[in-house]
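Encoded as structure tokens, the structure appears first; notes follow it.
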Amino acid sequence: MKFFVDTAEVAAIAELNDLGMVDGVTTNPSLILKSGRDILEVTREIAAMVDGPVSAEVVALKADDMIAEGRKLAKIADNIAVKVPLTWDGLKTCKVLSEEGTMVNVTLCFSANQALLAAKAGATFISPFIGRLDDINIDGMDLIEDIRTVYDNYGFATEILAASIRTVNHVLECARIGADVMTAPPSVIKALASHPLTDKGLETFMKDWEKTGQKIL
Ligand code: E4P
């Protein structure tokens with residue numbers, strides 16, 4: 001499963017990128033707001049740092065305007081994936097930009113039927129939002145499972161990019177189901193390394209090592 005980082009914070013992306021943990025990046029208007037940066041400038045910086053796809057989201061609501069915005073974002077770098085919402089206009093935009101050879105990430109997906117439409121419109125990625133479904137007491141993992149089944153039934157090449165990941169369990173479940181990609185905030189990716197038994201075991205080893213009176217360096 002590929003790891004995308006869901007942030008527009010350049011320093012946080014750089015830290016994970018240096019460890020080889022970053023296969024791509026996703027941003028959205030709320031994350032751009034949080035970063036306090038100009039969208040074109042920060043997207044350019046991220047795209048130059050990361051090898052994989054960097055999603056940058058359009059903010060227009062009508063297809064013609066979305067297409068114009070998408071073309072402008074796509075010009076930033078070869079690894080830009082234009083992010084469009086799963087609306088009828090977003091699907092039209094997806095079709096046009098995909099045919100022009102631009103990667104498209106169709107976002108705000110909350111049903112397998114929506115995912116089916118995105119695949120038919122040529123989406124490179126479909127972004128089902130797990131956490132936001134959990135927020136309204138619907139199991140977001142059922143959606144990932146349903147999309148996996150539908151896409152596999154018909155051999156769609158669109159990659160399932162599990163989004164709105166909030167916990168380490170979300171990551172594990174996505175990997176079990178076979179999501180192609182998951183995008184998570186840096187804090188969740190870093191939390192994957194933590195286990196209380198690792199901490200406890202290390203503490204014991206350190207105490208015993210001290211008792212040996214030895215040094216390696
Ligand atoms: C995905 O591309 C979105 O940017 C993101 O995962 C949304 O997550 P949230 O629901 O935690 O805001």
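Key figures for this structure:
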read-out	value
Single residue of the range 168-187 satisfying the filter (surrounded by fewer than 20 Cβ atoms within 10 Å (Cβ to Cβ) and either basic (K, R) or within 14 Å of the chain's Cα centre (by Cα) (or both)) that is farthest from the ligand (Cβ to nearest atom)	R176
Some residue of the range 123-133 being among the aromatic types (F, W, Y) and farther than 22 Å from T27 by Cα	no
Inter-residue pairs, beta-carbon under 6 Å, first under 16 Å from G70 (Cα atoms) and modelled with pLDDT of 95 or more and in the range 36-53, second of a type in the set (A, V, I, L, M, F, W, C) and assigned to a helix (DSSP H, G or I), 6+ apart	I39/I32
Residue match in the range 128-142 (condition: touching a residue at least 60 places away in the same chain (Cβ under 8 Å) and either among the aliphatic types (A, V, I, L, M) or surrounded by 24 or more Cβ atoms within 10 Å (Cβ to Cβ) (or both))	no
Answer residue from the range 54-67, given it is free of Cβ contacts under 8 Å to residues at least 40 places away in the same chain and of a type outside the set (A, V, I, L, M, F, W, C) and is farthest from the ligand (Cβ to nearest atom) among those	D64
Qualifying residue in the range 77-98 (condition: among the charged types (D, E, K, R), within 14 Å of the ligand (Cβ to nearest atom) and within 27 Å of R148 (Cβ to Cβ))	yes
Odd one out for D18 among (1) more than 16 Å from the ligand (Cβ to nearest atom); (2) surrounded by 20 or more Cβ atoms within 10 Å (Cβ to Cβ)	(2)
Qualifying residue in the range 81-91 (condition: in a helix (DSSP H, G or I), at pLDDT 95 or above, touching a strand residue (DSSP E or B) at 6+ places or on another chain (Cβ under 6 Å) and surrounded by fewer than 21 Cβ atoms within 10 Å (Cβ to Cβ))	no
Candidate set: the range 30-71, residues that are loosely packed, with under 13 Cβ neighbours inside 10 Å and in contact with a strand residue (DSSP E or B) (Cβ under 9 Å, 6 or more places away or on another chain); chosen: the one farthest from K95 (Cα to Cα)	D51
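The values are calculated or read from the model by the stated rules, or taken from the named source; none is laboratory data. On a predicted model such as this, the values are computed, not experimentally measured, just so you know. Using ideal geometry, Cβ is built from the backbone for each residue, glycine included, and neighbour counts are taken over all protein chains shown.
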